[in-house]
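Down below is the structure, laid out as structure tokens.
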Amino acid sequence: MSNRIIAVINQKGGTGKTTLALNLAAGLAQRGSTHLVDADPQRSITQWVGMGGGNSGLPGVAQLGGNPTGVLGKLARSHRYVVVDCPPTVQGETVAAIMRMAHLALIPILPSPIDLWASVDMALAVKQAQRDNPDLRACLVLNQLESRNALSRDMREAVAEFDVPVLSAGMQRRAAYRSAAVEGLSVYGVGKRGQHAVSDIEAIIEEVLCL
Ligand SMILES: Nc1ncnc2c1ncn2[C@@H]1O[C@H](COP(=O)(O)OP(=O)(O)O)[C@@H](O)[C@H]1O
Ligand SMILES: [Mg+2]
């Protein structure tokens, strides 16, 4: 099964890693058994899932501890999908171990050329990781889009030049992403309020599962 271990990664904070990881995992959980991994020392995804209590319908969250390879290997054997919320860095042994094990790296970025160029190190890190793990694929995921066709010409040109492909599906800027987080839920868990955000995530999942 390809794309079993999906790492959500960007060395920049605030680009939507935790938001994408959690909602992606919630959508994947409807397709097959899914587990989250919180690799960020800030523990935001652990707190988020903890807030929703037992009835949030969210996948379980594991920590990597001192043995990332062992923990990821074990989860990947017992689940169809493992989604890893990475720390905001490309340095260090933990991220290196995740990138060696992952099938897909999703890199959420904000739709500005400045943010894109800040991700150049990410592209280099992915290239480096692909030497050890040739099966690793990587895609940018645009986040906080203002409208489906709002990408500026500058941004389109910048994305086209970038070494890592960009998914055609992305996440729009929507209040539902924030309010679901406040309630400890995914956008799937907030009913009608979340329906447009669910469409974003479903489109991302459909695209990712076809890679
Ligand atoms: N598409 C979106 N629409 C509205 N708010 C968003 C969206 N994506 C992320 N956010 C908000 O932006 C902030 C940063 O997102 P977060 O997922 O925590 O980023 P990271 O994990 O990369 O630091 C959070 O408050 C989150 O709720
Ligand atoms: Mg985060």
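The values are calculated or read from the model by the stated rules, or taken from the named source; none is laboratory data. None of the values given here were measured: they were computed from a predicted structure. Quick reminder, even Gly has a Cβ in these numbers, built from the backbone with ideal geometry, and neighbours come from all protein chains shown. For accessibility, only protein heavy atoms count, side chains too; no ligands or nucleic acids. Shrake-Rupley method; radii C 1.70, N 1.55, O 1.52, S 1.80 Å.
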I'd like the residue in region 170-183 that is of a type in the set (G, A, S) and over 15 Å from A21 (Cα atoms) and, out of all such residues, is surrounded by the fewest Cβ atoms within 10 Å (Cβ to Cβ). A175
Select from region 1-32 the residues that are in a loop (DSSP other than H, G, I, E, B) and among the aliphatic types (A, V, I, L, M) and write down the one among them that is surrounded by the most Cβ atoms within 10 Å (Cβ to Cβ). I9
Here are some residues: L58, L140. Which one is assigned to a loop (DSSP other than H, G, I, E, B) and either closer than 30 Å to A175 by Cβ or touching a Lys or Arg at 6+ places or on another chain (Cβ under 7 Å) (or both)? L58
Is it the case, given these coordinates, that M99 is more than 16 Å from ligand 2 (Cβ to nearest atom), open to solvent by less than 20 Å² (accessible area, probe 1.4 Å), assigned to a helix (DSSP H, G or I) and in contact (Cβ under 8 Å) with a residue 60 or more places away in the chain? yes
Within region 158-166, can one find any residue that is crowded, with 17+ Cβ neighbours inside 10 Å, part of a helix (DSSP H, G or I) and at negative phi? yes
Specify the residue that is farthest from ligand 2 (Cβ to nearest atom); the eligible residues are those in region 7-63 that are farther than 15 Å from N143 by Cα, touching a helix residue (DSSP H, G or I) at 6+ places or on another chain (Cβ under 6 Å) and among the β-branched types (V, I, T). T34
Being in contact with a His (Cβ under 7 Å, 6 or more places away or on another chain) and closer than 21 Å to V187 by Cβ narrows it down to one of V37, V61, V49, V82, so name that one. V82
Give just the number: which of (1) away from ligand 1 (no atom under 11 Å from the Cβ); (2) open to solvent by less than 50 Å² (accessible area, probe 1.4 Å); (3) polar (S, T, N, Q); (4) within 24 Å of P113 (Cα to Cα) does S186 not satisfy? (4)
In this structure, is L22 within 11 Å of ligand 1 (Cβ to nearest atom) and among the aliphatic types (A, V, I, L, M)? yes
Taking region 51-77 only, how many residues are over 16 Å from T94 (Cα atoms), open to solvent by 40 Å² or more (accessible area, probe 1.4 Å) and touching a strand residue (DSSP E or B) at 6+ places or on another chain (Cβ under 8 Å)? 1
Cβ-Cβ under 8 Å, sequence separation 6+ or interchain: first residue in region 168-197 and in a strand (DSSP E or B), partner within 16 Å of ligand 2 (Cβ to nearest atom). Which pairs? Q172/Q144
Provide a single number: the residues in region 43-62 that are among the polar types (S, T, N, Q) and more than 16 Å from the chain's Cα centre (by Cα). 3
Pairing a residue in region 47-60 that is over 17 Å from V83 (Cβ atoms) and in contact (Cβ under 8 Å) with a residue 40 or more places away in the chain with any residue that is in a loop (DSSP other than H, G, I, E, B) and open to solvent by less than 70 Å² (accessible area, probe 1.4 Å), where Cβ atoms lie under 8 Å and the two sit 6 or more apart in sequence or on different chains, gives M51/G184; G53/G184
Modelled with pLDDT under 85, among the hydroxyl-bearing types (S, T, Y) and open to solvent by less than 40 Å² (accessible area, probe 1.4 Å): which single residue out of S119, S147 fits that description? S119
